[in-house]
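Just below is one structure, and these are the notes that go with it.
The values are calculated or read from the model by the stated rules, or taken from the named source; none is laboratory data. Just so we're clear, the structure is a prediction, and the values are computed from it rather than from any experiment. Backbone-built Cβ (ideal geometry, glycine too); neighbour counts: all protein chains shown. Each accessible area value is taken on the protein alone, full model and side chains, heavy atoms only, with ligands, DNA and RNA left out. Shrake-Rupley method; radii C 1.70, N 1.55, O 1.52, S 1.80 Å.
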Amino acid sequence: MLNIIPIPAFKDNYIWVLHDQQHAVVVDPGDAAPVRAWLDTHQSSLAAILCTHHHNDHVGGICELVQVYNVPVYGPQHEIIPCVNLAVGEGDEIEIAELNLRLKVLDIPGHTHGHIAFVGEKSVFCGDTLFGCGCGRLFEGTFAQLYHSLQQLAQLPGETLVYCAHEYTEANIRFSLACEPDNEQLKQRHDDVRALRAAGLPTLPSTIALEKATNPFLRCSEPEIIRTLRRRGLTRSDELAVFTALREWKNNF
Ligand SMILES: [Zn+2]
């Protein structure tokens, strides 16, 4: 049976581990030390590394892990990342035999120009593109690209588990509530997330359905969000204009 657990790293990163007690795959190992410690403690062997984009807090541990474990490293074909040896992009399928695991690759540019996601096992590993109640900052792409990438993720089945690379949900919900103060599901999520954090637990994974119900960046046609933005001076109401206004407001929130 496949388990998926987070290894916390740095201030708020999660390195997701897919494992069956024997073999493990890690996603975005920004730091090798906690991954090595986990593998030692759980007497598991590393089968592969997956990488969503080139930022150092996601890739910084890859070369050390490859030196020790000599495993395949799947990463985005449009980015240059040291020690990635299998470049993948939209439509590619990867197979990790040790875990009987098949994952599809989606191109989801915006946060970085070559950012990819891995989809399979009713799960999506979406790096820094979609967060709990938020989305990644725009570093290399355009607003339209990031908007389109989020729409791609929103089209996954509602029950798909969303494994984001940072624990940002609680702070993101404060912004989401400013956008949409009357959203009952969002208020409920706020309570749930505060309880999880107070207990020291992750707020992830969420689901695509929960994000579509509570994440303003996936709700750009929602009348309450548009009304909020109109009060802040937005004159257009097409979804890309709403998304752009949300992303810019969030940068300064
Ligand atoms: Zn990043």
Taking residue 144, is it away from the ligand (no atom under 16 Å from the Cβ) and closer than 27 Å to residue 116 by Cα?
yes
Which ones in the range 228-246 are under 15 Å from residue 150 (Cα atoms) and surrounded by 20 or more Cβ atoms within 10 Å (Cβ to Cβ)?
242, 243, 244, 246
Considering only residues that are touching a strand residue (DSSP E or B) at 6+ places or on another chain (Cβ under 6 Å) and open to solvent by less than 10 Å² (accessible area, probe 1.4 Å), look in the range 116-129 and name the one that is farthest from the ligand (Cβ to nearest atom).
123
Exception for residue 112 within (1) more than 22 Å from residue 46 (Cβ to Cβ); (2) away from the ligand (no atom under 16 Å from the Cβ); (3) in contact with a Phe, Trp or Tyr (Cβ under 7 Å, 6 or more places away or on another chain); (4) of a type in the set (S, T, N, Q) falls at (2)
Among the residues of the range 10-18, is any open to solvent by 50 Å² or more (accessible area, probe 1.4 Å) and closer than 15 Å to residue 167 by Cβ?
yes
Got at least one residue in the range 148-166 being among the small types (Gly, Ala, Ser), modelled with pLDDT of 95 or more, closer than 22 Å to residue 240 by Cα and within 16 Å of the ligand (Cβ to nearest atom)?
yes
Listed by range, helices (runs of 4 or more DSSP H) wholly within the range 144-253 having at least 1 residues that are out of contact with any helix residue (DSSP H, G or I) (no Cβ under 7 Å at 6 or more places or on another chain) and more than 14 Å from residue 130 (Cβ to Cβ) are 169-179, 184-198, 223-231, 239-251
State whether the residues of the range 165-176 include one that is touching a strand residue (DSSP E or B) at 6+ places or on another chain (Cβ under 6 Å) and open to solvent by 60 Å² or more (accessible area, probe 1.4 Å).
yes
What are the residues in the range 46-77 that are within 16 Å of the ligand (Cβ to nearest atom), part of a helix (DSSP H, G or I) and crowded, with 18+ Cβ neighbours inside 10 Å, if any?
57, 58, 59, 62
